[in-house]
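Student: I have a structure here, written as C-alpha cells, and I will follow up with some questions on it.
What follows is calculated from the coordinates using simple rules that are stated; it is not laboratory data. Nothing here was measured: the structure is a model prediction, and the numbers come from that model. With ideal geometry, Cβ positions are generated from the backbone for all residues, glycine too; neighbour counts draw on all protein chains shown.
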Amino acid sequence: MVSQLPVDAEQLFHFRDEYIKNRQLVAWHFYHPKDLSKQVDLIITFDLSNKKTMTKTLNTGTVQLLNKKDLIKMKQQSARPQDLEDIKALKQL
C-alpha cells in the first residue's frame, strides 16, 4: 500500500493537529498502485471509542474496522465532496 500523502507516519503523528485544522485531513488514505480497487483510510480525527468496530488480524498485525453505518455518518458530517462520493459507493456495497 502507498500513502496518498507525501508524509510518513512520524510526520503525521507530530503534525496531526496542523493537518486536521489547516488541511481538513480526516483520514490518511492508502492505495495499492497496481490495483486501485484496494484502498484503505486510517481515520485520524474521530474518537472511535463509542463506534461499532471489528478487529481483524492481518499477517502484519491487527486493525480495527469501523462499522459501515458509522463510517457513512462520519462522512456525512464532514460533507466534503470526496466523502459524499464515498457515501454513494459505500451504500452500493
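Student: Determine the alpha carbon to alpha carbon distance for each of Lys52/Lys73; Lys68/Lys91; Lys21/Lys68 and list only those over 18 Å.
Tutor: From the list (Lys52/Lys73; Lys68/Lys91; Lys21/Lys68), the Cα-Cα distance tops 18 Å for Lys21/Lys68.
Student: Apply 1/(1 + (r/R0)^6) to the Cβ-Cβ distance of Asn22 and Lys68, taking R0 = 25 Å, and write down the FRET efficiency to the nearest 0.05.
Tutor: Values: r = 30 Å, r/R0 = 1.18.
The computed FRET efficiency comes out at 0.25.
Student: Here's a follow-up. What three numbers, in Å, describe the spread of the alpha carbons of the chain along their principal axes, ordered from the longest?
Tutor: Principal extents (Cα only, largest first): 33, 33, 29 Å.
Student: Same structure again: When Ser37, Ser78 are ordered from fewest to most other Cβ atoms inside 10 Å of their Cβ, what list results?
Tutor: Values: Ser37 6, Ser78 15.
Fewest-to-most Cβ neighbours within 10 Å comes out as Ser37, Ser78.
Student: Also: Label points 7 Å out from Cα along the Cβ direction at His14 and Leu58: separation in nm?
Tutor: Each label point is offset 7 Å from its Cα along the Cβ direction, giving 2.5 nm.
Student: While we're on this one: For the chain, what does the relative contact order come out to in percent, with C-alpha contacts under 8 Å and a separation of six or more?
Tutor: Here the relative contact order equals 17 percent.
Student: Dipole of the chain, Cα-centred, from +1 at each Lys and Arg C-beta and -1 at each Asp and Glu C-beta, to the nearest 20 debye?
Tutor: Dipole about the Cα centre, nearest 20: 480 debye.
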